[in-house]
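J.: Would you mind keeping the following structure in view while I ask a few things?
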């Protein structure tokens, strides 16, 4: 089985390449510009991770770069119809309707009707999902929640909170009450591998089903580094994104794909990496 991974220099892409190669798969890590340069050879499976991504500020301040992800996806999918047998695509929990991500939100499940997503990033992911429905080759759509692990960019919350904690600061962006659902990268990669062998197309959340706010995250991180808990400072002048975002894991659990690495252990691995 020949596998191509676009966006292989990013966090999800590079870890997918590592995980699959460690298990003996024939994987090509592709880091070139997907819009203008795809390989002229066939592959059995495409993991399409190439995209403009970033933390909250990156998403909020780069509207047109985020919108360009739709064209990147279109080019990759058009190529795949000629050269590939199956697509595995990481959409996002941001593709769920914004109304479900308020402070009084609900766990989000794959059978919920689509609506207006939370932001342009979510809109671009929903557009890609719509394109995949029209394709002549099978595809699997993942909706990951907050994937984290060693080597993640400082644009993202956990590595930034860890860096500040190392300097003696225990702080979070926004109110700190915003809810997220955390999954360690290797647990996410187990789902990616499962989809490699699944034939029937599926849309699948990747989450833990455990809602955790940022204040709790900062407390855990600071205690692991310094051995004590101190009050968390809230940086209310910084953006906080969606108020309430966590997964209904009913389908994921039925497939035996629930995370094996708990949040405290995952954070410990990040700190010690």
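J.: Let me confirm something: among 94, 8, which residue is part of a loop (DSSP other than H, G, I, E, B), in contact with a helix residue (DSSP H, G or I) (Cβ under 7 Å, 6 or more places away or on another chain) and surrounded by 22 or more Cβ atoms within 10 Å (Cβ to Cβ)?
T.: 8 is the lone residue from the list that is part of a loop (DSSP other than H, G, I, E, B), in contact with a helix residue (DSSP H, G or I) (Cβ under 7 Å, 6 or more places away or on another chain) and surrounded by 22 or more Cβ atoms within 10 Å (Cβ to Cβ).
J.: Answer with yes or no whether residue 66 is under 17 Å from the mean Cα position of the chain (by Cα) and buried (at least 20 other Cβ atoms within 10 Å of the Cβ).
T.: yes
J.: Let me ask something additional. Filter the range 196-235 down to the residues that are in contact with a helix residue (DSSP H, G or I) (Cβ under 8 Å, 6 or more places away or on another chain), assigned to a helix (DSSP H, G or I) and over 28 Å from residue 89 (Cα atoms) and list them by number.
T.: 217, 218, 220, 221, 222, 224, 225, 226
J.: Given 110, 193, 129, which one is assigned to a loop (DSSP other than H, G, I, E, B) and within 19 Å of the chain's Cα centre (by Cα)?
T.: Step by step, each of 110, 193, 129 is checked, and only 110 is assigned to a loop (DSSP other than H, G, I, E, B) and within 19 Å of the chain's Cα centre (by Cα).
J.: With the requirement that a residue be more than 17 Å from the chain's Cα centre (by Cα) and under 19 Å from residue 85 (Cβ atoms), what does the range 1-28 give you? So that I can check it myself, show each step before the final result.
T.: Filtering the range 1-28 for residues more than 17 Å from the chain's Cα centre (by Cα) gives 1-4, 20-28.
Hits for the range 1-28 are 1, 2, 3, 4, 20, 25, 26, 27, 28.
J.: Contact list please: Cβ distance under 8 Å, first residue in the range 133-153 and at positive phi and touching a residue at least 40 places away in the same chain (Cβ under 8 Å), second residue outside any helix (DSSP H, G or I) and surrounded by fewer than 21 Cβ atoms within 10 Å (Cβ to Cβ), pairs at least six apart or on different chains.
T.: Going by the 8 Å Cβ cut-off, the qualifying pairs are 151/273.
J.: Further question on the same structure: Identify, please: which residue in the range 47-71 is in contact with a strand residue (DSSP E or B) (Cβ under 8 Å, 6 or more places away or on another chain) and within 23 Å of residue 87 (Cα to Cα) and is, among those, modelled with the lowest pLDDT? Walk me through it before giving the result.
T.: So the first thing to find is which residues in the range 47-71 are in contact with a strand residue (DSSP E or B) (Cβ under 8 Å, 6 or more places away or on another chain), and the list is 47-50, 56.
Filter once more, so that each one left must be within 23 Å of residue 87 (Cα to Cα): 47-50.
Numbers: 47: 98, 48: 97, 49: 96, 50: 93.
Checking each candidate, the answer is 50.
J.: Go through the residues of the range 78-88 one by one and say whether even a single one is touching a helix residue (DSSP H, G or I) at 6+ places or on another chain (Cβ under 6 Å) and not in a strand (DSSP E or B).
T.: No: zero hits.
The values are calculated or read from the model by the stated rules, or taken from the named source; none is laboratory data. Computed from a predicted model, the values in this text were never measured in an experiment. With ideal geometry, Cβ positions are generated from the backbone for all residues, glycine too; neighbour counts draw on all protein chains shown.
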